[in-house]
Amino acid sequence: MSDDASLTDALYRDVVALTQHGERMAGGEGHRAAREWLVDRVQALGLSPYHGAYELPYQHEGLAFTN
């Protein structure tokens, strides 16, 4: 299998896995599950976090969010 096909297959698997978490309303179960999956995936890929953390919390209009 070519490198391009391998990368395409890996990206497809990641997109499918990420979309399995259901609704994404901020603070909801699907949002939490997707956030955890993303953190696990970037760690598994060996990517370094920006500013020492994979999750960057912030607030908007009194509500807490995470990028």
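Quick note: the coordinates plus some simple rules give every number you see, no bench work behind them. All figures in this text were calculated on a predicted structure; none of them were measured in a lab. Every residue, glycine as well, gets a Cβ built from its backbone with ideal geometry; the counts of neighbours run over all protein chains shown.
Give me the angle, in degrees from 0 to 90, between the Cα long axis of helix 3-18 and the longest principal axis of the Cα atoms of the chain, rounded to the nearest 10. Around 30 degrees separate the two axes. Computed from Cα atoms, the angle from the helix 29-44 axis to the main principal axis of the chain rounds to 50 degrees. With N counted as the residues of the chain, its alpha-carbon radius of gyration over 2.2 N^0.38 Å works out to 1.33.
Positive end of the charge dipole of the chain (Lys, Arg +1 and Asp, Glu -1 on Cβ, about the Cα centre): tell me which of A26, V42, L7 has its Cα farthest that way. It is A26, whose Cα lies furthest towards the positive end.
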